[in-house]
1. How large is the dipole of the range 6-222 about the Cα centre if only Lys and Arg carry +1 and Asp and Glu carry -1, each at its Cβ, rounded to the nearest 20 debye?
2. Would you work out which of A339, M190, L236 lies farthest towards the positive end of the dipole of the chain, given +1 charges on the beta-carbon of Lys and Arg and -1 on that of Asp and Glu, about the Cα centre?
3. Towards the positive end of the charge dipole of the chain, with charges on Cβ (+1 Lys, Arg; -1 Asp, Glu), say which of I109, I78, A134 has the farthest Cα.
4. Just to check I understand the Karplus step: with θ = phi - 60° and J = 6.51 cos²θ - 1.76 cosθ + 1.60, what whole-Hz values come out for the range 128-133, glycine and proline as x?
5. Select from the range 253-333 those GluC sites (Glu not before Pro) which occupy a DSSP coil region and have at most 16 other Cβ atoms within 10 Å, ordered by residue number.
6. What percent do you get for the relative contact order of the range 277-363 when only Cα pairs under 8 Å and 6+ apart count?
7. Which value, in debye to the nearest 20, gives the size of the charge dipole of the chain about its Cα centre, when Lys and Arg are +1 and Asp and Glu are -1 at the Cβ?
8. Using the Karplus curve 6.51 cos²θ - 1.76 cosθ + 1.60 with θ = phi - 60°, work out ³J(HN,Hα) for each residue of the range 204-212 in order, rounded to whole Hz, and write x for Gly and Pro.
Amino acid sequence: MKLLNQNEAQSCADALLAWFKDAMRPLPWRKSYLPYEVWISEVMLQQTQMERGVRHFLRWMNRFPDVRAVAAAPEEDILYAWEGLGYYRRARFVQAAATAIVERHGGNIPDDEKALAALPGLGPYTVAAILAIAFNKDVLCVDANVERVFSRLLDLDEPPRRKNAARVIYEQAMQMLPRGKARLYNQALMELGALICGKTPRCPECPVRHFCESCRLGIQRERPVPMAKIPTIDVLGAYGVLMKEQHVFLIKRPEQGLWGGLWEFPGMISAAGESPESAVRRVFREKFAVDVDIAGSLGTVRHNYTNHKLVAAFFQVHCSAEAWEHLLTHGEGMALPSADIRNVAMPAHHRKLAARYFEKTGETSRQLSLLGSC
């Protein structure tokens, strides 16, 4: 490890900002740095690629142009607008925080660290990002891009999220921070990590390569030191798609837990040694007290979440007219017109199946005829 002295730190920061002036991407929230837009962009970009984040940001702003619109919206609308970003708990926190901002601060996002930290769902990073980027306050926001940049710049020989490494990164980055330019500095670090100092570093194009110890040693590809990998878990899900008279039967997931409050086709994670067809029949029998027949396979959808790899098997199922009436009068599901399925929030693997069979413009009638009715 080699730390930068004060002169080196200042020169490094100057080179970084000069590069950023030309390399800065024209992201929509950078037009005016409105606190609301900065906040939403930071929450959306957690665990999300930039291209997808920008697309969802624009859609969100069109639907919810300010804090009050978020606070006043039905939760269903919030979840639907968030669909495709995953981690739906974030969307609920956004609405809870928006409600608190309206109630406590008259709809204006505060520029005080303590007040921001008191809002639901705003952790240290999000608070720092709002203060630095929206309000240009001299604070530091360290994300994975910044960790990677400093791991290479200083040649840290331990994972950047270890306590000692995190402290070193914070102290060095704060030493480099040019007072009064926190907005540009923080974004420049993130941009450098995203565009130049990525997983495969592009050192010849790097504006701070002359200050980079791991580059000097030729070991930049060995930094950052990775954390121990969490083993992945393979999961098999089984789901039944049940239709009658162009209506599809959906159920709502519990509000708490994974994909809370979203709508899905009835199903479950298959037990060890159980066939997915058997699991589908069992879920209808145990949850709804109805028997269904498996009419055919609708294929599989693969979806990764946290450290799980899910293979979701979907089946067309049929039931009697009496069973259908029982589902609608005694169950917790709903019969949704198949044409409206695009208007409800669903987990990603269910949305993929719905897009395959219910949202194909020009092919809808043919696709639906494949499903038939019970």
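1. 220 debye
2. Ranked along the dipole, the leading option is M190.
3. The listed residue farthest towards the positive side: A134.
4. Each residue of the range 128-133 in turn: 5, 5, 5, 4, 6, 8 Hz.
5. Numbers: sites: E255, E264, E274, E277, E286, E322, E325, E332; in loops: E255, E274, E332.
When the GluC sites (Glu not before Pro) of the range 253-333 are filtered for loop state and at most 16 Cβ neighbours within 10 Å, E255, E274, E332 remain.
6. 24 percent
7. The calculation lands at about 940 debye.
8. x, 9, 7, x, 10, 4, 6, 9, 8
Any read-out appearing in this document is the output of simple, stated calculations on the displayed coordinates, not a laboratory observation. Being a predicted model, the structure only gives us computed values, none of them experimental. FYI the Cβ positions are ideal-geometry reconstructions off the backbone, even for glycines, and counts take in every protein chain you see.
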